[in-house]
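I have placed the structure first, in the form of structure tokens, so that the comments after it can refer back to it.
Values quoted throughout were computed directly from the atomic coordinates according to the rules given, and no laboratory measurement underlies them. Bear in mind that the values here come from a model prediction, so they are computed numbers and not experimental data. Neighbour counts are summed over all protein chains in view; Cβ atoms, including those assigned to glycine, are modelled from backbone coordinates with ideal geometry.
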């Protein structure tokens with residue numbers, strides 16, 4: 001199976017590298033040059049363009065920032081669609097709109113190309129270690145065919161349902177994580193403002209029903225004031241926008257998600273969009289701080 | 001050490017029973033009779049009143065619904081304060097206001113009585129199995145003295161800080177759990193309304209950063225539509241009120257907690273206060289359901 005990979009960013013590069021190391025012939029493309037050169041040095045072939053990648057691959061994986069990026073790489077000039085042959089498979093592992101995903105899958109199907117949505121959770125570390133959670137949407141036969149690649153990239157691989165279901169699942173994941181970060185932020189700020197050691201509170205809460213990976217990982221980041229990404233607030237803000245749009249389309253009213261979206265947006269507006277999403281605790285703390293100056 | 005126990009409800013009765021089984025001589029009191037009779041049949045002594053319990057005990061544990069209950073049992077007619085001798089210890093394991101706790105501790109200290117706040121997490125099952133998380137506020141010496149009792153009742157015992165710190169920690173716990181339930185509710189409703197199997201979403205999310213005990217336990221309850229308590233929505237609503245009051249006193253602005261408080265309040269107003277707090281998913285689902293009738 002010849003594999004193509006488009007999008008060699010913080011997530012995509014280590015994922016592509018894992019496929020190379022697992023012995024797959026790999027054709028790559030990326031908007032900026034250095035990541036391509038690096039992977040070529042490790043044995044990959046430079047596809048030259050998305051189209052070039054598609055021409056030389058049975059399965060192409062995309063790992064891009066947002067919906068318009070995936071649409072442009074797929075259907076834009078020199079895009080994948082110009083290079084795909086019938087029977088090819090596009091596996092989009094980006095986090096994008098489920099609605100746009102379904103539309104793209106239908107367009108590709110007309111050309112005999114199958115598309116899976118397979119967004120991931122687990123961050124840069126999960127990408128590097130090949131331990132990502134992968135949430136897959138698409139037909140069972142194609143999922144089966146691509147399964148060996150998924151097993152190289154991740155651990156908890158769930159075929160959630162038909163096309164778009166992977167992205168819906170990821171939207172659910174992102175809203176749960178965002179609200180977890182907001183909850184832990186409010187708890188630790190409440191503790192600190194009440195004169196109680198937030199580290200002790202985190203420790204106590206980890207032993208009961210409040211226990212979560214967010215409390216463990218992001219709670220520790222908050223205590224250390226370590227907001228190096230990690231996962232950027234700006235991207236999480238984008239993901240909650242997708243969750244809310246998906247909710248509107250499906251008729252789901254998501255009040256808490258809307259609040260978290262607004263607060264992450266405020267964090268971005270304050271110039272903190274490139275910091276880790278755990279920096280939300282700074283905004284919650286600042287809300288609670290007395291200000292001497294005039295409001296307007 | 002002679003131990004007294006006041007408040008033999010869903011939580012208090014199994015806790016008192018565990019102390020009896022561990023060999024502690026136990027004097028009990030409860031507003032309603034049957035629980036007293038049951039524990040007397042198992043070897044406890046009926047104290048007749050809170051005062052009676054205090055007269056016969058070195059350490060008295062209270063496990064009551066809300067702040068006014070603890071104040072009445074302690075300082076009301078025939079209350080604990082009338083029976084305590086200097087050197088006695090009151091361990092309040094109820095979930096009540098940290099501010100009221102500090103005031104009560106100061107009043108008791110004038111009579112030579114020490115007070116610890118030691119609210120718990122882990123629910124009825126944790127109470128029965130002696131695996132509660134216990135969040136303790138108070139002076140180290142008294143905590144040390146009572147430690148053997150805590151070890152009978154719980155597993156994760158954290159001395160969080162001085163008087164009130166246990167209740168602050170519990171408020172933090174309750175807001176994190178409530179927001180966890182709200183997050184999982186929104187995620188599962190979003191999935192279902194989008195035509196994606198919520199059970200698959202729960203399974204996928206458990207493998208990544210969205211993993212939490214709430215997703216595991218309450219998520220499963222939501223899938224089964226099982227909202228038998230467990231922990232009653234009405235009591236969780238009360239606990240978030242305490243968290244918000246504590247926040248206001250301390251100057252912590254808790255936007256997400258305020259939203260969860262309001263939604264739990266709506267659940268109570270709809271007559272669902274006696275159901276498990278996981279029933280919040282019903283409210284989130286109903287918000288998203290089209291209604292044919294007039295609004296007003």
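Here are some notes:
- For the range B:168-290, the spread of Cα positions along each principal axis, largest first, Å: 44, 33, 26
- Helix B:98-109 and the long axis of chain B differ in direction by around 0°, with both axes built from C-alpha atoms.
- Dividing the C-alpha radius of gyration of the range B:61-115 by 2.2 N^0.38 Å, with N its residue count, gives 1.00.
- DSSP bridge analysis restricted to the protein assembly as shown gives an antiparallel fraction near 15%, rounded to the nearest 5.
- Remark: relative contact order (chain B) = 13 percent; criterion is Cα-Cα distance under 8 angstrom and separation of 6 or more residues.
- Expected 222 nm ellipticity per residue - DSSP helices of 4 or more, -39500 (n - 2.57), all of the protein assembly as shown, to 500: -16500 deg cm²/dmol
- Each residue, residue A:58 and residue B:111, gets one label point 7 Å from its Cα in the Cβ direction; the gap between the two is 8.2 nm.
- Residue A:295 paired with residue A:2, simple spin-label distance in nm, labels 7 Å along Cα-to-beta-carbon: 6.5 nm
- Candidates A:164, A:180, A:76, ranked by Gaussian network fluctuation over chain A, Cα under 10 Å, top entry: A:76
- Helix A:255-267 and the long axis of chain A differ in direction by around 90°, with both axes built from C-alpha atoms.
- Exercise: per-residue mean of other protein chain Cβ atoms within 10 Å, B:159-166: 4
- The mean number of Cβ atoms from other chains found within 10 Å of a Cβ in peptide A:210-219 is 6, as a whole number.
- Between B:51, B:193, B:275, the residue with the greatest mean-square fluctuation in the GNM of chain B (Cα pairs under 10 Å linked by springs) is B:193.
- 15 Å reach of a label modelled at residue A:75, 7 Å along Cα-to-Cβ, counting backbone N of the range A:90-105: A:97-105
- Alpha-carbon gyration tensor eigenvalues x 5, square-rooted, for the range B:126-229, Å: 36, 14, 11
- Ordering B:186, B:224 by the number of other Cβ atoms within 10 Å of each residue's own Cβ, fewest first, gives B:224, B:186.
- Ranked by the mean number of other Cβ atoms within 10 Å of their residues, highest first, the peptides B:53-65, A:228-240 come out as B:53-65, A:228-240.
- Equivalent ellipsoid semi-axes, chain B, via Cα gyration tensor eigenvalues times 5, rooted, Å: 37, 20, 18
- Rounded to 5, the percent of DSSP beta bridges in the range B:3-162 classed as antiparallel: 10 percent
- Sorted from shortest to longest, the distances between the residue A:68 label points of this copy and the other copies are 5.8 nm, with each point 7 Å from Cα along the line through the beta carbon.
- Treating r as the C-beta distance of residue A:125 and residue B:21 and R0 as 41 Å, the FRET efficiency rounds to 0.35.
- Rounded to the nearest 10 degrees, the inclination of helix A:165-193 to the longest alpha-carbon principal axis of chain A is 20 degrees.
- Rounded to 5, the percent of DSSP beta bridges in chain B classed as antiparallel: 15 percent
- Stokes-Einstein diffusion coefficient of the protein assembly as shown, Kirkwood radius over Cα pairs, 37 °C, 0.692 mPa s, in µm²/s: 127 µm²/s
- log10 of Debye I(q)/I(0), alpha-carbon scatterers only, for the range A:1-134 at 0.16 Å⁻¹: -0.72
- Averaged over A:244-255, number of beta-carbon atoms from partner chains that fall within 10 Å: 6
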